[in-house]
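For reference, the structure is listed below as structure tokens.
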There are 2 protein chains.
Amino acid sequence: VTRVAAYQLSPRIGDLQYNLQLSTAAIRTSVDAGARVVVLPELVSSGYVFASRAEAASVAIDSDHPLFECWAAEASRADAIVIGGFCELGGDGLLYNSAAICDSAGVVAVYRKSHLWDREKLVFEPGAEPPTVIDTPLGRIGVLICYDLEFPELTRLLALAGADLIAVPANWPLVPRPAGEHPPEVVAAMAAARANRMFVACCDRLGDERGVRWTGGTALISELGFVVAATAEPAMVIADLDLARAREKRLGPHNHALEDRRPDLYRNTLHARELAPRG
Amino acid sequence: VTRVAAYQLSPRIGDLQYNLQLSTAAIRTSVDAGARVVVLPELVSSGYVFASRAEAASVAIDSDHPLFECWAAEASRADAIVIGGFCELGGDGLLYNSAAICDSAGVVAVYRKSHLWDREKLVFEPGAEPPTVIDTPLGRIGVLICYDLEFPELTRLLALAGADLIAVPANWPLVPRPAGEHPPEVVAAMAAARANRMFVACCDRLGDERGVRWTGGTALISELGFVVAATAEPAMVIADLDLARAREKRLGPHNHALEDRRPDLYRNTLHARELAPRG
């Protein structure tokens, strides 16, 4: 089994140094608790509600930034993997809402959010590549960022690419929901976990920022689609997950979560509005 | 708004006449309560746990069977639409796990389940066509059957084809779940509703049959992905749903549930195991 942590944090908008210390301390606490995989929120390096593209640019960093050396140093204490969001300045001079996957040696891969939410479209470029699956000694880890998770095409893509665990740095704006229900984004994660028989670790934010209130939807979800651990507090969520169970896609003697798919029937899902309703 | 009912029933295995009366009475009760759309369980004409293909064949019917005249007669009292499952004898002599969509005039369309669960594979042929969307005066209704619902490709396909409501006749075998959680199949329906901003009406079974215990997961789900009405009893679930809300796919000024999709990134979802995990 692999101990997985997600640390629900509140970064400060535009305060790179504070956020470096906050996120590094969260990794330290998680590793001290035995975590081998640590997930942090979206844009944890920078905060989220930018007043302008210029403000975002002022705290944009690349994968050589010392922040990642700090993350890697904490990871190295337990050969851990860290997945966290950052405001990326691309080599092309454009800004991306990205997530870094770090191990003891530093940044292994960067995923750029491909489905941008709301005013992100005024600040960031959407990623041009599908999400990443990293083959680590702990298992295969896929990464999505926040709104990406609401596209079941992407969770399926990661399952087909062999992901055992999807790490989801998020900043989910709070929406109303009936009493007793999970946040709807967590419901999406539960459904994706079950449909694909893989684990999902969502790391969200708490509190508010410039009038946006966050959901606090951090949750670890089993390959059966159930919430194993969650919190509504500014706290670490941690659980031992048997990631190997994600390799078993058989559902009894006659079924298989992936092989039961019927790609012959799905082709039109690529083309919006191609099918006409039949009368 | 449209009043939608789903009637959680327990048909008797192999007893076509009893099931005809049971299902017709359920439609009558639903129409009397003002329902304009009535959803019944999977294989409500025949029961589910067949001992053999021969037993299933003994109660297989086609769309000219008097059962559907009875359904249509009840529907005609309120210009209602009925969606219910039946054991179909195809013109090719093969058996299908099908759903009929009936209006006042009779069967409008038949959908054959395309993803077969467990021992169904020993009895039925899988449907060769994608699911159906019917343009009715009440709205566009798509149909899936039970295990079909667990493939987000299909719910997306129906949304892209313009479905406002997906009717899901089901027979969900009970699986363990944590206290306070919806059945995982209902979670899948909730996620599909929200991802596609469309309504979902699931009609399940209760009780048990030849050792299989059913979930009783009948639920009506809003386009925001929340359960509007559900029951754990042998009962009708009924609610007024504003199906027109499913036509609004915009999510604020910058987003759209379907147009935010990135088909350029999804192509590999058609081909299992084509993507190699990256190291």
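The values are calculated or read from the model by the stated rules, or taken from the named source; none is laboratory data. In this text the structure is predicted, and so the values were computed from the model without any measurement. Note that each Cβ is placed from the backbone with ideal geometry, even for glycine, and that neighbours are counted across all protein chains shown. Surface areas here come from the heavy atoms of the whole protein model, side chains and all, with no ligands, DNA or RNA. Shrake-Rupley method; radii C 1.70, N 1.55, O 1.52, S 1.80 Å.
Determine whether the range B:124-132 contains at least one residue that is surrounded by 20 or more Cβ atoms within 10 Å (Cβ to Cβ) and not in a loop (DSSP other than H, G, I, E, B). Steps first, answer last, please.
The first filter runs over the range B:124-132 and keeps only residues surrounded by 20 or more Cβ atoms within 10 Å (Cβ to Cβ), leaving B:124, B:127, B:130-132.
Add one more test, that the residue is not in a loop (DSSP other than H, G, I, E, B), and what stays is none.
Taking every residue of the range B:124-132 in turn, none turns out to be surrounded by 20 or more Cβ atoms within 10 Å (Cβ to Cβ) and not in a loop (DSSP other than H, G, I, E, B).
Counting only residues that are acidic (Asp, Glu) and under 29 Å from B:SER58 (Cα atoms), which one in the range B:124-168 is farthest from the chain's Cα centre (by Cα)? I'd like the intermediate steps shown before the answer.
Narrowing the range B:124-168 to residues acidic (Asp, Glu): B:125, B:129, B:135, B:148, B:150, B:153, B:164.
Cutting the leftovers down to under 29 Å from B:SER58 (Cα atoms) gives us B:125, B:129, B:148.
On the way: B:GLU125: 18, B:GLU129: 16, B:ASP148: 9 Å.
Within the range B:124-168, the match that is farthest from the chain's Cα centre (by Cα) is B:GLU125.
Note down all Cβ pairs under 7 Å where the first residue falls in the range A:169-183 and is under 19 Å from A:LYS113 (Cβ atoms) and modelled with pLDDT of 95 or more, the second is of a type in the set (Phe, Trp, Tyr) and in a strand (DSSP E or B), and they're at least six residues apart or on different chains.
What qualifies is A:ASN171/A:TRP214; A:TRP172/A:TRP214; A:PRO173/A:TRP214.
From the residues in the range B:95-115 that are within 13 Å of the chain's Cα centre (by Cα) and within 24 Å of B:GLY211 (Cβ to Cβ), which one is nearest to the other protein chains (Cβ to nearest Cβ)?
Out of the qualifying residues, it is B:HIS115.
Being β-branched (Val, Ile, Thr) and either within 7 Å of chain A (Cβ to nearest Cβ) or open to solvent by 20 Å² or more (accessible area, probe 1.4 Å) (or both) narrows it down to one residue among B:VAL143, B:VAL187, B:VAL168, B:VAL200; which is it?
Just one listed residue meets the conditions, B:VAL187.
Determine whether the range A:52-64 contains at least one residue that is in contact with a Phe, Trp or Tyr (Cβ under 8 Å, 6 or more places away or on another chain) and open to solvent by less than 50 Å² (accessible area, probe 1.4 Å).
Yes, the range A:52-64 contains at least one residue that is in contact with a Phe, Trp or Tyr (Cβ under 8 Å, 6 or more places away or on another chain) and open to solvent by less than 50 Å² (accessible area, probe 1.4 Å).
Got at least one residue in the range B:116-132 being in contact with an Asp or Glu (Cβ under 7 Å, 6 or more places away or on another chain) and either polar (S, T, N, Q) or away from every other protein chain (no Cβ under 11 Å) (or both)?
There is no residue in the range B:116-132 that is in contact with an Asp or Glu (Cβ under 7 Å, 6 or more places away or on another chain) and either polar (S, T, N, Q) or away from every other protein chain (no Cβ under 11 Å) (or both).
From the list A:ALA109, A:ALA105, exactly one residue is under 25 Å from A:THR24 (Cβ atoms), surrounded by fewer than 24 Cβ atoms within 10 Å (Cβ to Cβ), of a type in the set (Gly, Ala, Ser) and in contact with a strand residue (DSSP E or B) (Cβ under 6 Å, 6 or more places away or on another chain). Which is it?
Every option except A:ALA109 fails the conditions.
Could we say that B:ALA257 is open to solvent by less than 60 Å² (accessible area, probe 1.4 Å) and more than 10 Å from chain A (Cβ to nearest Cβ) here?
Taking the combined requirement at face value, the residue does not satisfy it.
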